[in-house]
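Accompanying notes for the structure given below.
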Amino acid sequence: MLTAKQRMALLPTGSNVRHVYISPDLWVPICIVDNIHILPGIPRMFKDLLEGLRPHLNVDSHNKQTRVLVSTPMKESEIADFLTKLQEKVGQRGVKVGSYPRWGKPRNTVTLTGADKEYIEGLVDEVEKGVGGLRVSVEGEDDEQGKPEEIKVEETTKAEAKT
């Protein structure tokens, strides 16, 4: 019969899989499949495993990545051409352009990620203009603002209701 700890998870197996035990205090390993690291969802355990994994990752000041988030009310299809041209422009500098639809939310997110912080910071104005958006520090922080056309409709409706 399986013990409670064994029943909690089934881990992948195979020649491309490694199970890394970070600490003798933690019974669960980090499961690494190719370049994907699988950690448990228990917050305290996740944090401990992540801290223990840090020395094994190639994370140092030479590999530090910068990530900028730009929130936009525009649909992904409306900004696709701009983002494609932007990626062609910045790709040789090691910058990745990402676009993340946020289903059911009034705004979507565009990201710029790369090692050259100064170069990425220099792109922010261009991206804000290109996607009709604003830089945010956390995805969704400006959701309450909604789309500009939604706000206008609400204001018009309230004004009409008063007359």
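Only the coordinates and a few stated rules stand behind these numbers; no lab work does. The structure displayed is predicted, hence computed values, not measured ones. Here Cβ is always computed from backbone atoms with ideal geometry, including for glycine, and neighbour counts include all displayed protein chains.
For labels at Lys89 and Ala115 in the simple 7 Å Cα→Cβ model, what's the distance in nm?
2.3
Please report, to one decimal in angstroms, the Kirkwood hydrodynamic radius of the range 66-150 built from all distinct Cα-Cα pairs.
For the range 66-150, the Kirkwood estimate is 12.9 Å.
Taking the Cβ-Cβ separation of Asp125 and Ile42 as r and a Förster radius of 45 Å, what is the calculated FRET efficiency to the nearest 0.05? Walk me through the numbers before you get to the answer.
Values: r = 42 Å, r/R0 = 0.93.
Once rounded, the FRET efficiency stands at 0.60.
Determine, for each peptide in 72-83, 25-36, the mean count of other beta carbons within 10 angstrom over its residues, then list the peptides with the highest first. All intermediate terms of the calculation are to be shown ahead of the outcome.
On the way: 72-83: 15.0, 25-36: 13.4.
Output ranking for 72-83, 25-36: 72-83, 25-36.
Given a cut-off of 22 Å, name the pairs among Lys85/Lys105; Lys47/Lys105; Lys64/Lys105; Lys75/Lys96; Lys47/Lys96 whose C-alpha atoms lie farther apart than that in the structure shown. Walk me through the numbers on the way to the answer.
On the way: Lys85/Lys105 26 Å; Lys47/Lys105 29 Å; Lys64/Lys105 31 Å; Lys75/Lys96 19 Å; Lys47/Lys96 27 Å.
Where the Cα-Cα span goes over 22 Å, the pairs concerned are Lys85/Lys105; Lys47/Lys105; Lys64/Lys105; Lys47/Lys96.
What are the ³J(HN,Hα) values, in whole Hz, obtained from phi via the Karplus relation 6.51 cos²θ - 1.76 cosθ + 1.60 with θ = phi - 60°, for each residue of the range 24-37 in sequence order, with x given for Gly and Pro?
Per-residue couplings from phi come out as x, 6, 10, 7, 9, x, 8, 9, 10, 10, 6, 10, 9, 9 Hz.
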